[in-house]
Structure formats: structure tokens, C-alpha cells
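The values are calculated or read from the model by the stated rules, or taken from the named source; none is laboratory data. Owing to the predicted nature of the structure, the values given are computational and were not obtained by experimental measurement. Here the Cβ positions follow ideal geometry from the backbone for every residue, glycine too, while neighbour counts run over all protein chains shown. These area figures cover heavy atoms from the full protein model, side chains too; ligands, DNA and RNA do not enter into them. Shrake-Rupley method; radii C 1.70, N 1.55, O 1.52, S 1.80 Å.
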Amino acid sequence: MSPLLIGALVFATTLLVLASGLPIAFGLGAVALGFMIIFDGWGSVHFLPETIFSGLDDFTLVSLPMFVIMGAAVASSRAGSDLYEALARLLHKVPGSLVISNIGACALFSALTGSSPATCAAIGKMGIPEMRKRGYDADLATGAIAAGGTLGILIPPSVTMILYGIASETSIGRLFIAGILPGLLLTTLFMAWALFLSWKRGTVLIDKDRVYSLKEKVELLPRLLPFIAVVVGVVYALYGGIATPSEAAGVGAMLCLVMVAVIYRVWRPRDMWHILRDGLRESGMLLLIIGTSILFGYMMSSLQVTQSVAETIGALQVNRWVVLAAINLMLLAAGCFLPPAAIILMTTPILMPVITAAGFDPIWFGVVLTINMELGLITPPVGLNLFVINGISPDIRLTTILKGAFPFMMCMVLAILILCVFPEIATWLPTKVMGK
Amino acid sequence: MLNREQELALPLWVQVVYAASRALGVFSACLIVLAVIVVCQMVFVRAVLGESSIWQTEFTTFAILAATFLGAPFILLTRGHVGVDILPMLVAGNKRRALYFAGSAVALAFCGLFFYASLSWWYETWSTGHTTSSMWRARLWIPHLSVPVGLGLLCVQYMTEIWLVWTRREEPYGMTPGVHL
């Protein structure tokens, strides 16, 4: 059987197995092991522990649970509400201020937690009822939060980028810094759309005449600045080469745990257990997916599938932008059904030779892929952020949330197009700070 | 997921399995905390005292690895392992149950084979006394032990989950009956 035919069989089997609802980690492992047994015999079973354990035996991966704990600590506190309230007071007089404050709060909170659902939940809980109370339409209020929450995987530190860095063997520090300007671009596009829609609909704030004193405007900042300082410190330590991602994340996690205890009084054993439980659940789930995707990659490579796919695409002699468009469409389709972690870990080893052969920068592609994954978080049927918003505001129909999120999806597509025309938006800063 | 009252009404062996998964979950969470502390200590030793780190890198990596495998049964118990619920949401009733049993059988077969292979793999490192090649020379059987222990309990936890659905004490995938796309 030709490697390409085996690849098609692997693809179909993986889709079928994963769609049945079993945990992704075990599904990927079962498909990989099944094909290894079929083509290499029963002896393949004995490769399992060594392949998965040695694949996970990597100090870089330590950064993953550390960043997850850092995010879980911040998400467990009232930092999200404070961030939202502080921005709402500062921008009160700006037209469409509340929705802009929400998007801004999402961008900052996502930098603190690195998690899209956590950002949606933390900012949405306060922001959506407040926006509706003050006269904003339900679709704009929910769409802005659903889309704003996706910024969590683009603005550093980002768990998704760590996974891409591991799978593509590119520098995580470079990826983080590459996400900053595109993150700001996307935030600006989101804000511009929200501003335009508020103006077009003539949204009038119920409390537009309310005046906040200077004291009211700045009183929340002392609680928030230490968290922002930690994120800036972590990112600076990475760029400056002072610490590895795992070291920076470890110190960041410790500081965040101490700060939520001191500033927000989240110190009781029950509170701490909730943070650690959430951290264990998310990082354990991700690390098991990484482990079994390493096995999956090993199977694909040992059956010559990866090499054959790369050679075949390379031999097609089509324009590289056509290849990129096809890859993006495929990723977009996969994003509608699978979580970002599974897509990145399964596809990156196959796509990387194709991307580099076509002359694209792997760091730039990492940013484009991350925005593509963001799209998957707000597209049905499994857009995680849509369901988080639906959980916060059960009285708003899913179709209304989708209608509100759609223009923001278009902003993401526009951001990808802008990045294709001006790749320097992603590549300039890492080159400037870290050199070639 | 079952609430505390429903859990207490379950047979004793199920409660024992749940307790064991929770105990390993707490132990895994402690390992992550320990890893955070050791990373901070390593940064302090290197950046402030100007000394080199010897054991910290390997220790934290192994602690996180052990937490991953030992915490797997707890993550399964608390439905933390994400899956794609498209087909289960498209069907209902007995079809959803059949899909659940088929998917769980595939997952259990993988976990079972992984557990089986990890026994001889661990025994080899234990009997030969293999160590890491670093200056610390950590005995590998200790971190390797987390794989058979974690996967052994994961298989038992999986069988318990399947039994609960089989005896209709729980709904497949934890979904509300009658709700589908």
C-alpha cells in the first residue's frame, strides 16, 4: 500500500474515532497504535511507553503547567472584573466606550491568563449584563466578548504558541514576541468594528452623563498593576534571554499565586485547591494529548506518510499562496470540529516541511495559524467561546451570539490577509529584539 | 457528574476507585506545586547565588511527567479529558449509548495496552538500575513508576465509568437525555 493511501486511511480513521466523542488523547493514541500494529506487528506495543515518556521528557514542556497555573490563579480572583471596571471608568466618555472597554479588558486579561474560555468567562460575567443594562444590543455585547476572548491564544504568554513552538521546533520566545503586534492589530480591528456598529446603530448609553472622579478612575489600578508587571516581566525575561520559558513561567506562576493570596485574599486551602485542580486538569489533559500526538507523529513518519505528503505537495508546482490558502482552509475546517491543541500537534509536523519549502517564515506561519485557531473558537458546532457565553447568558440565543460574532470573524480573516501582505507585522519585532 | 449524595449511594468498590483517583489527583497537584517551587529555587540559585543547577531541571521535568500520568484517572473522573462531541450530540437514546460503549472500548484498549507495555518497561529500568546520564544520576525507575501506576488506575477508572453507564446510573458523555442537535 502506498504511503499516500495509508495517509488517507489514517485521516479518515482519525476523523471517525475522534468524532465518536472519546477523549482526544486516547483517540490519537489508539489510531497511532492501531496502524503501528497493522503495519509493523504486535511488537510495536512495546514502543509505546518509551516513545511517549521520552517525548514528554523535555524541560520546555514544564512551561505549560506553569503558565496554566498562572492563568488559573488570575482567573480565580476578581482581577477580571477589576480590569473591566477600571477600563470602563477610564474610557467612559469615549463613544462605544463600554464595548471598547470590554475588548480592551479581554486583550489584557488574555495576556494574564493565556486562556480564551477563561477570558470569556471572567470578562463576560461582568461585561455582558453591564453592556445590556446600559443599552447595547445583545448580539454586539456577546459577539465582542466571544471574539475578544480569542485574543487569549495570540497575545503572549500563550499556551497555543507553546504547543506550536514544541511541534515546529521554533523558539517560543520569538513566537511570543511575534504575537504582540498582530494581537494589537486584531484588538484594534475588533474595537474599530464595535465603534462603527455602535455609531451606526446610534447606541445611547443610559448613564452617559455620569462623571467619574480621578480617584474613581485610578483606584482599581494598584490592584491590577502587579499582575500586569508580572506578565511584562515574564515576557521581558524571555526576550532578554534572561530565563527559559519554563523558568519564566515558574516564577510567574509563583508570583501570581502569592499575589492573588495577598491582593484578592484567595488563600484558603479550598481556594488554592480549586486553582491547582483546574491547573492539573488542563495541563494534564494537554500533556497527554502531546504525548499521544508524539506517538501519532512517530507512526506517520515510520509509515513514510509525512514525507510522502510533503513531497507530493512540493511537486505540485502551484503558487505558494495557493498552498497557503489551501492550508488555511483546511485548518479552518478542522478548527470547526477540533480544539487548537489537537490540530496543532497533529498537523504541524506534516505542514512544517511544506511551509518552509514554500519559503514562508515558520514564526510568521505560527501567528497566522494561531489566528486561524482563534476563528475555530467562535465557529459552530464546537466553538468553545460560544458555549461559554451561552452559559453566562442563557437567555440569549446561540444564533444571536453567532450573528454578533460573525463580523469579528471577518476581522480575523482580514487580519490574516493583512499579515500575508505585510508579514513584517509579525516578523519585525522578533528580529529587532532577538536578532536574525 | 454525580453529586456527593448520589456518590454515597454507589457500591463500595466504586467509592474506593473514586477515592483512589482523587488521592492521586491531590498528589499530582502537590507535584505541580513542588515543581513550581523547585523552578523558583533554581532561578534563585543561578541568578542570585551565581551557582549552577544540578538536579532541578530533571526533577521538575519528572515531577510534571509523574503528575500527568498519576493525575490522568482524576482528570477522567472530573471529565477533564476533552473530546469532540459531534456524533454523540447528533444521536440520542440507545444509539448514543452504543456510540459511547464503542468509543470507550477503543480508548480502554489503548490504555490497557499502554499499561501492559509499561509494566515490562518499568521492570527493566528497575532491575537494571538505569540512571539518567546527568551529574545527578537520578534512578529512572522512580519517575517511570508513575506510568504503570497512573495507567493501571486509569483503566480501572475507565471500566468504572463504563459500568456506571451500562447500569444506567450515569448518562453517556454526561449529556442530558433527549438533548441533541
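On a 0 to 90 degree scale, rounded to 10, what angle separates helix A:3-19 from the longest Cα axis of chain A? In chain A, helix A:3-19 runs at an angle near 40 degrees to the longest axis.
In terms of its alpha-carbon gyration tensor, the stretch A:12-72 comes out oblate; a/c meets the 1.5 threshold, while b/c is at least as large as a/b.
Once you charge only the Cβ atoms, +1 for Lys and Arg and -1 for Asp and Glu, what is the size of the charge dipole of the protein assembly as shown about its Cα centre, to the nearest 20 debye?
Working: 36 positive and 32 negative charges, 293 e Å.
Using Cβ point charges on Lys, Arg, Asp and Glu, the protein assembly as shown gives about 1400 debye.
Name the shape class, rounded, prolate or oblate, that the alpha-carbon gyration tensor gives for the stretch B:8-59, where a ≥ b ≥ c are the square roots of its eigenvalues, rounded holds for a/c under 1.5, and otherwise prolate holds if a/b is larger than b/c and oblate otherwise. Prolate is the answer for the stretch B:8-59, as a/c is 1.5 or above and a/b outweighs b/c.
If R0 is taken as 45 Å, the Cβ-Cβ distance between B:ASN94 and A:SER54 corresponds to a FRET efficiency of 0.55.
Which shape class, rounded, prolate or oblate, goes with the protein assembly as shown when its Cα gyration tensor gives a ≥ b ≥ c as root eigenvalues, a/c under 1.5 marks rounded, and past that a/b bigger than b/c marks prolate? It would help to have the intermediate numbers written out before the result.
Values: a/c = 1.34, a/b = 1.33, b/c = 1.01.
Rounded, because the longest to shortest axis ratio a/c is under 1.5.
If one computes P(r) from the Cα atoms of the stretch A:281-366, what percent of pairs lie at distances over 16 Å? Numbers along the way, then the final one.
Details: 2112 of 3655 pairs.
For the stretch A:281-366, the share of Cα pairs beyond 16 Å comes to 58 percent.
Taking one quarter of the surface of the convex hull spanned by the alpha-carbon atoms of the stretch A:122-202 gives a direction-averaged projected area of 5.8 nm².
Dipole magnitude of the stretch A:73-133 about its Cα centre, charges +1 at Lys/Arg Cβ and -1 at Asp/Glu Cβ only, in debye to the nearest 20? Could you put the intermediate results ahead of the total?
Working: 6 positive and 3 negative charges, 33 e Å.
Rounded to the nearest 20 debye, it is 160 debye.
Could I get the Rg over Rh figure for the stretch B:78-146? Both from C-alpha atoms, Rh via Kirkwood, rounded to two places. Spell out each step's value before the answer.
Working: Rg = 19.4 Å, Rh = 15.3 Å.
Here Rg/Rh amounts to 1.26.
Compared with the dominant principal axis of the Cα atoms in chain A, helix A:138-150 is inclined by about 50°. Note on the stretch A:79-213: percent of Cα-Cα distances in each 5 Å bin, starting at 0 and stopping at the bin with the largest distance, equals 2, 12, 21, 22, 17, 11, 7, 4, 2, 1, 0. Across chain B, C-alpha contacts under 8 Å between residues 6 or more apart give a mean separation that, scaled by the residue count, equals a relative contact order of 29 percent. Report P(r) for the stretch B:63-181: all Cα-Cα distances, bin width 5 Å, range 0 to the bin holding the largest distance, values in whole percent. Percent of Cα pairs in each bin: 2, 10, 17, 19, 15, 11, 9, 7, 5, 3, 2, 0.
Given the DSSP H assignment, sum -39500 (n - 2.57) over each helix run of at least 4 residues in chain A and divide by its residue total; what's the result at 222 nm in deg cm²/dmol, nearest 500?
Numbers: 21 runs with 339 residues, N = 436.
The helix-only estimate for chain A comes to -26000 deg cm²/dmol at 222 nm.
In the stretch B:1-135, the alpha-carbon atoms span a convex hull of 171 Å³ per residue. Only protein atoms count toward the accessible area here, which uses a 1.4 Å probe; on the protein assembly as shown, the carbon and sulfur part of that area reaches 68 percent. Between 0 and 90 degrees, rounded to the nearest ten: what's the tilt of helix A:116-133 against the longest Cα principal axis of chain A? So the helix axis and the longest Cα principal axis differ by about 30 degrees.
Within a 10 angstrom radius of each residue's Cβ in B:27-35, how many Cβ atoms of other chains show up on average? Whole number is fine. If you can, show how the numbers build up before the last one.
Numbers: counts 0, 5, 11, 2, 2, 11, 8, 0, 7.
Partner-chain Cβ atoms within 10 Å, mean over residues of B:27-35: 5.
Rg over Rh for the stretch A:221-285 works out to 1.02, using Cα positions for both radii and the Kirkwood form for Rh. Note that the stretch B:15-26 has calculated 3J(HN,Hα) couplings of 5, 5, 4, 4, 5, 5, 4, 5, 4, 5, x, 5 Hz, one per residue in order, obtained from phi through the Karplus relation 6.51 cos²θ - 1.76 cosθ + 1.60 (θ = phi - 60°); glycine and proline are x.
Report the calculated FRET efficiency for A:LYS133 and A:VAL413 (r = Cβ-Cβ distance, R0 = 45 Å), to the nearest 0.05.
Numbers: r = 32 Å, r/R0 = 0.71.
The calculated FRET efficiency here is 0.90.
With θ set to phi - 60° and the Karplus curve 6.51 cos²θ - 1.76 cosθ + 1.60, what are the ³J(HN,Hα) couplings of the stretch A:78-92 in order, to the nearest whole Hz, using x for Gly and Pro? Coupling constants for the stretch A:78-92: 8, 4, x, 5, 5, 4, 4, 5, 4, 5, 4, 6, 5, 9, 3 Hz.
Hey, got a sec? Which trypsin sites (Lys or Arg not before Pro) in the stretch A:7-111 land in a DSSP loop and have at most 13 other Cβ atoms within 10 Å? The qualifying sites are A:LYS93. Past the 29 angstrom mark, what percentage of all C-alpha to C-alpha distances in the stretch A:238-396 do you count? Result for the distance tail: 39 percent. When shorter helices are ignored and each DSSP H run of at least 4 residues is given -39500 (n - 2.57), the per-residue value for chain B at 222 nm works out to -24000 deg cm²/dmol. The base-10 log of I(q)/I(0) for the stretch A:304-425, evaluated at q = 0.12, 0.20 Å⁻¹, reads -0.50, -1.11 [Debye formula, identical scatterers on Cα atoms, solvent excluded]. Pair-distance distribution P(r) for the stretch A:66-126, from all Cα-Cα distances in 10 Å bins starting at 0: 26, 52, 19, 3 percent.
What the phi angles of the stretch A:244-257 give under the Karplus curve with 6.51, -1.76 and 1.60, with θ = phi - 60°, is a coupling list of 6, x, 5, 5, 4, 5, x, 5, x, 5, 4, 4, 5, 4 Hz, glycine and proline written as x.
For the stretch A:153-252, the set of GluC sites (Glu not before Pro) satisfying both a DSSP loop assignment and a count of at most 12 other C-beta atoms within 10 Å is given as A:GLU169. May I ask you to list the lysines whose Cα is less than 21 Å away from that of A:LYS200, ignoring any residue fewer than eight positions away on the same chain? Counting by Cα, and skipping residues close in sequence, A:LYS200 has these lysines nearby: A:LYS93, A:LYS133, A:LYS208, A:LYS403.
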